[in-house]
Amino acid sequence: MSEINQKIKDIISSNDIVLFMKGTPDAPQCGFSMAVTNILKHLSVKFEGVNVLVSDELRQGIKDFTDWPTIPQLYVKGEFVGGCDIIKEMFEKGELKKLFEEKSLLS
């Protein structure tokens, strides 16, 4: 396993909710990252934002890790949930809130 894959695994395993995004939760640097951040904030869940723009290796590494071509990418309790479109759809259908409730992540 490559060093970047191990780093990604460590981040995912040490946080209940992780959003690999462009920018930070307080200053998203793309509309898709901002949309997912706003949904998570709306649901009042605590999440770790990981800025993939700090390193090309990390940005490419997360795409390779999930075999998913776009960012942001949301992980809940170690599982890849999806990117912006999937998260928005799940939120609109109430599925995202339900997922967080099932995982006991809503405060």
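Nothing in this text is a laboratory measurement; each read-out follows from the coordinates by a stated rule. If you're wondering where the values come from, they're calculated on a predicted model, not measured in any experiment. Note that each Cβ is placed from the backbone with ideal geometry, even for glycine, and that neighbours are counted across all protein chains shown.
Using the average count of surrounding beta-carbon atoms within 10 Å as a protection proxy, the listed peptides 61-68, 29-36, 16-23 rank, highest first, as 16-23, 29-36, 61-68. Please name which of Thr37, Ile12, Gly61 has its Cα lying farthest along the dipole of the chain towards the positive end, using unit charges on Cβ (Lys, Arg +1; Asp, Glu -1) and the Cα centre as origin. Going by the charge dipole, the pick is Thr37.
With a Cα cut-off of under 15 Å and a minimum spacing of 8 residues unless on different chains, the lysine pairs in the chain number 14. Neighbours of Val52 by Cβ distance under 10 Å: Lys/Arg scored +1, Asp/Glu scored -1, total +1. Couplings 3J(HN,Hα) of region 70-81, computed from phi: 10, 10, x, 9, 10, 10, 10, 6, x, 9, 6, 8 Hz, in residue order, whole Hz [Karplus 6.51 cos²θ - 1.76 cosθ + 1.60, θ = phi - 60°; x for Gly and Pro]. With 5 Å bins beginning at zero, the pair-distance distribution over Cα atoms of the chain amounts to 2, 13, 25, 27, 19, 10, 3, 0 %.
Under a model in which nothing but the beta-carbon of Lys, Arg (+1) and Asp, Glu (-1) is charged, the chain shows a dipole of about 240 debye around its Cα centre.
DSSP finds beta bridges in region 3-102, and of those with both partners inside it, around 70 percent are antiparallel.
Between the helical axis of 56-66 and the longest alpha-carbon principal axis of the chain there is an angle of about 60 degrees.
A Förster distance of 25 Å, applied to the separation of the beta-carbon atoms of Gln29 and Asp64, puts the FRET efficiency at 0.75.
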